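Undergrad: Could you have a look at this structure, given as structure tokens, before my questions?
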Amino acid sequence: MYVEIPSLLKQKAFKDLAAFITILLIAIVLSTIHFLDITIPTPMDAIETIYKPLSNFFASLLK
């Protein structure tokens, strides 16, 4: 962080700086969540929740 941010400011690469800070904040949040042993749902859980009723419906039609 101490190396990248000053060089990005000197180059006036503000879009790159915004992307760097965004990714850094996401990493900090995820690391904190992992450190506190908080379980977060995976994207597969959301997909399963959405498509499971449809799967059951079509399975019942095919029986």
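Undergrad: Among (i) 47, 16, 11; (ii) 50, 14, 12; (iii) 67, 28, 10, only one was calculated for this model; which label is it, if the read-out is Cα extents along the principal axes in Å?
TA: Correct label is (iii).
Undergrad: Further, regarding this structure: Which FRET efficiency value, to the nearest 0.05, is calculated for LYS15 and THR39 with the Förster distance at 30 angstrom and r the Cβ-Cβ distance?
TA: FRET efficiency, LYS15 to THR39: 0.30.
Undergrad: What angle, in degrees between 0 and 90 and rounded to the nearest 10, separates the Cα long axis of helix 14-35 from the longest principal axis of the Cα atoms of the chain?
TA: The angle comes out at about 60 degrees.
Undergrad: Would you mind telling me the share, in percent, of accessible area of the chain contributed by carbon and sulfur at probe 1.4 angstrom?
TA: 72 percent
Undergrad: Using only helices, what value at 222 nm comes out for the chain when you add -39,500 (n - 2.57) per DSSP H run of length 4 or more and divide by the total residues, to the nearest 500 deg cm²/dmol?
TA: It comes out at -26000 deg cm²/dmol, rounded to the nearest 500.
Undergrad: In Å², what does the accessible area per residue of the chain work out to with a 1.4 Å probe?
TA: Result: 94 Å² of accessible area for each residue.
Undergrad: Quick check for me: using +1 on Lys/Arg Cβ and -1 on Asp/Glu Cβ, what's the dipole size of the chain about its Cα centre, in debye to the nearest 20?
TA: In total the dipole reaches around 240 debye.
The values are calculated or read from the model by the stated rules, or taken from the named source; none is laboratory data. All figures in this text were calculated on a predicted structure; none of them were measured in a lab. Cβ coordinates were reconstructed from backbone atoms using ideal geometry, including for glycine residues, and neighbour counts include every protein chain displayed. In case anyone asks, the SASA skips ligands and DNA or RNA and just uses the protein heavy atoms, side chains included. Shrake-Rupley method; radii C 1.70, N 1.55, O 1.52, S 1.80 Å.
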